[in-house]
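The values are calculated or read from the model by the stated rules, or taken from the named source; none is laboratory data. These numbers were taken from a predicted model, which means no experiment stands behind them. Cβ atoms come from the backbone with ideal geometry, glycine included; neighbour counts cover every protein chain shown.
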Amino acid sequence: MPMHDHHHHTSGEHAHGPDGACAHAHEHAARAPEALARAEDECRSRGERLTPVRRRVLEALYATHKPLSAYDIAEILPPEAGGKRLSAVSIYRALDFLITGGFVHRLESRNAFVACPSRHAPGEVVVFMICERCGGVDERHSEKLRAALAEISDANGFEPRARIIELNGACAHCREGA
Ligand SMILES: [Zn+2]
Ligand SMILES: [Zn+2]
């Protein structure tokens, strides 16, 4: 598998391998061991445990740049010893834990989940750019948006449960290829 040192989440670019395959997945996979180790450390320091199920769910999300539903995750994960697949309920439980911990975000519009590529404050505004052609999702943050949203919600005494903005459209790469 070709490795790309290029890091689209900070550069804003979108690399493709020589075979034309999107490099997102490779990048995510390449960062997965580091991210999983970090998740384990963080859980430990909070007195929590990244159980095998939680870890496997997080791994599955790191292996792709596409949002996955709980059912997608159940299909992807290899069966447990004894040949049983993880139930949707145990996957949802693991996802709840990972979301609360800030390791995973939920895309409300599609009830699907993505691994967070960076560590940021829980209250940070998350902007997702969701490509309707390749299915890829990129995550960005904006201090200006955070301030603007805080101003609106404060002025109305509103307490947001989540601060997630979803932009649907076409990514730079798909637009180039069009
Ligand atoms: Zn994030
Ligand atoms: Zn795209």
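Of note:
- Residue in the stretch 93-106 that is modelled with pLDDT under 90, within 29 Å of Ser142 (Cα to Cα) and in contact with a strand residue (DSSP E or B) (Cβ under 9 Å, 6 or more places away or on another chain) present: no
- The residue pairs whose first member lies in the stretch 128-152 and is over 16 Å from Arg163 (Cα atoms) and small (Gly, Ala, Ser), whose second member is outside any loop (DSSP other than H, G, I, E, B) and near ligand 2 (Cβ under 10 Å from one of its atoms), and whose beta carbons are closer than 7 Å, counting only pairs six or more residues apart or on different chains, are Gly136/Cys22; Gly136/His24.
- For the condition outside any helix (DSSP H, G or I) and among the hydroxyl-bearing types (Ser, Thr, Tyr), Ser118 qualifies.
- Residue within the stretch 75-94 that is of a type outside the set (Gly, Ala, Ser) and under 14 Å from the mean Cα position of the chain (by Cα) present: no
- Residue pairs meeting the criteria (Cβ under 7 Å; at least 6 apart or on separate chains; first touching a residue at least 40 places away in the same chain (Cβ under 8 Å), in the stretch 98-112; second of a type in the set (Lys, Arg)): Leu98/Arg54
- Answer residue from the stretch 158-177, given it is without any contact (Cβ under 8 Å) to a residue 24 or more places away in the chain, more than 16 Å from His105 (Cα to Cα) and in a loop (DSSP other than H, G, I, E, B) and is farthest from ligand 1 (Cβ to nearest atom) among those: Phe158
- Here Arg110 meets each of (1) surrounded by 17 or more Cβ atoms within 10 Å (Cβ to Cβ); (2) within 16 Å of ligand 2 (Cβ to nearest atom) with one exception, condition (1).
- Some residue of the stretch 146-157 being under 18 Å from the mean Cα position of the chain (by Cα) and either assigned to a helix (DSSP H, G or I) or within 13 Å of ligand 1 (Cβ to nearest atom) (or both): no
- Filtered residues of the stretch 146-172 (kept if within 16 Å of ligand 2 (Cβ to nearest atom) and surrounded by 13 or more Cβ atoms within 10 Å (Cβ to Cβ)): Glu166, Ala170, Cys171, Ala172
- Cβ-Cβ under 7 Å pairs, at least 6 apart or on other chains, the stretch 53-77 side closer than 14 Å to Val137 by Cβ, far side of a type in the set (Gly, Ala, Ser) and outside any helix (DSSP H, G or I): Leu61/Ala115; Tyr62/Ala115; His65/Gly136; Lys66/Gly135; Lys66/Gly136; Pro67/Ala112; Leu68/Ala112; Ser69/Ala112
- All positions within the stretch 123-145 that are in a loop (DSSP other than H, G, I, E, B), surrounded by 13 or more Cβ atoms within 10 Å (Cβ to Cβ) and within 16 Å of ligand 1 (Cβ to nearest atom): Glu124, Val125, Gly136, His141, Ser142
- Positions within the stretch 63-115 being within 12 Å of ligand 1 (Cβ to nearest atom), under 15 Å from Thr51 (Cα atoms) and part of a loop (DSSP other than H, G, I, E, B), in sequence order: Gly101, Phe103
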